[in-house]
Amino acid sequence: MSLASPQPAVLACTKSEAPTSQRSISSTRLQAPKPTLAAIESLIDEALEASIASATGPSTPPTLAKALRYAVFPGGGRLRPQLCLLVAMVESGGWPPPDAIHAAAAIELLHCASLVHDDLPCFDDADARRGRPSVHRVFGEPIAVLVGDALIVHAFHQAARGPHAGALVKTLSDAAGSLRGLVAGQAWETEAFVSLEEYHRAKTASLFEAAAAMGAIASGSDADRWRELGEALGRAYQAADDIADAIGNAAVIGKPIGQDDAKARPSLVRSLGLEGARRHLATLVEDASASAMRGGGGQLLDQWLERVAARLTELQ
Ligand code: IPE
Ligand code: IPE
Ligand code: MG
Ligand code: MG
């Protein structure tokens, strides 16, 4: 489900600078007087461009290089890196510091990896993602497995930068891992008995929580203040995704629908029915807003949260 609306870039480089793919993020010249959501979206895409450029080179097999780029561009909603940067901006009181931009790229790379693996025949066997054929449909299964692997490796490479590298890597590995992270979330699908709450936390909320926490860590601040907001938002997001899977329009959301029923996946709609799921989503969105208010967010974060909350409920 994509929540992004394409926005014009407000960042630019001087003519003497190298192309985006060869620049470091810190060489970007910020032209907007004040940070805007559109500027944040541009920063994220620039950081991802730089990441993919540094993950590929003349020695990378060309099909793998092409597939890596295909998995990351064009993006979907880019919500997790946006959350990371918005938290970093509240904590640093202005533009996000370079380490937060690397952290945001790390989170999105891990997310893209999870989507590539999730679409594989051994998981959801999905033909489409972000309105295009999924990575394995275009490049074949072996390359899709390797694209996911490479993006995971590179996500950690991005996180392991700057003075807060240790805490950033630890937070990202909690979100990815087998304790309560993405790997655990996907593995719950193979079990006969599943707690829906635990499943949603692991497969989706863990990465949102890490996004918020990493924004704070990269700014040298306390992560704990932000974890609750990230988790609440992630739970709401997965609830909305379950509803979209039941009643959404595949052409609009850019991926197949009806998968939860077809594959007997645990889902909010299967547990509570459509009306129950809608009520639960409304509660989760309220939880996220309440948690944001307790966290004392900044103007831009509040504006973004309102936009996300409106989209989550309006899609239903
Ligand atoms: C899809 O996430 C997987 C879920 C956890 C629901 P997104 O809907 O954020 O995917 P993109 O990045 O926007 O395509
Ligand atoms: C996605 O879960 C969560 C991941 C860890 C990738 P889903 O399988 O429900 O997400 P979509 O609907 O394919 O995006
Ligand atoms: Mg899945
Ligand atoms: Mg899926």
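The values are calculated or read from the model by the stated rules, or taken from the named source; none is laboratory data. No experiment lies behind these values; they were computed from the predicted model shown. FYI the Cβ positions are ideal-geometry reconstructions off the backbone, even for glycines, and counts take in every protein chain you see.
Things worth noting here:
- Some residue of the range 145-165 being surrounded by 17 or more Cβ atoms within 10 Å (Cβ to Cβ), touching a Cys at 6+ places or on another chain (Cβ under 7 Å) and of a type in the set (A, V, I, L, M): yes
- Check on residue 212, within 17 Å of the chain's Cα centre (by Cα), within 15 Å of ligand 3 (Cβ to nearest atom) and assigned to a helix (DSSP H, G or I): no
Residue-wise test of (1) farther than 24 Å from residue 137 by Cβ; (2) out of contact with any Asp or Glu (no Cβ under 8 Å at 6 or more places or on another chain); (3) free of Cβ contacts under 8 Å to residues at least 40 places away in the same chain; (4) within 15 Å of ligand 1 (Cβ to nearest atom).
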site	(1), (2), (3), (4)
234	yes, no, yes, yes
243	yes, yes, no, yes
275	yes, yes, yes, no
280	yes, yes, no, no
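- Every residue from the range 115-136 that is within 16 Å of residue 69 (Cβ to Cβ) and either in a helix (DSSP H, G or I) or of a type in the set (Phe, Trp, Tyr) (or both): 115, 116, 135, 136
- Residue check for residue 261: closer than 28 Å to residue 162 by Cβ, at pLDDT below 95 and among the acidic types (Asp, Glu): no
- Selection within the range 97-149 - more than 10 Å from ligand 2 (Cβ to nearest atom), basic (Lys, Arg) and within 15 Å of residue 76 (Cβ to Cβ): 132
- Answer residue from the range 128-138, given it is touching a residue at least 40 places away in the same chain (Cβ under 8 Å) and within 11 Å of ligand 4 (Cβ to nearest atom) and is surrounded by the fewest Cβ atoms within 10 Å (Cβ to Cβ) among those: 128
- Qualifying positions in the range 230-277 - within 16 Å of ligand 4 (Cβ to nearest atom), assigned to a loop (DSSP other than H, G, I, E, B) and surrounded by fewer than 17 Cβ atoms within 10 Å (Cβ to Cβ): 254, 258, 263, 264, 265
- Residue check for residue 151: assigned to a loop (DSSP other than H, G, I, E, B), out of contact with any Lys or Arg (no Cβ under 6 Å at 6 or more places or on another chain) and closer than 26 Å to residue 260 by Cβ: no
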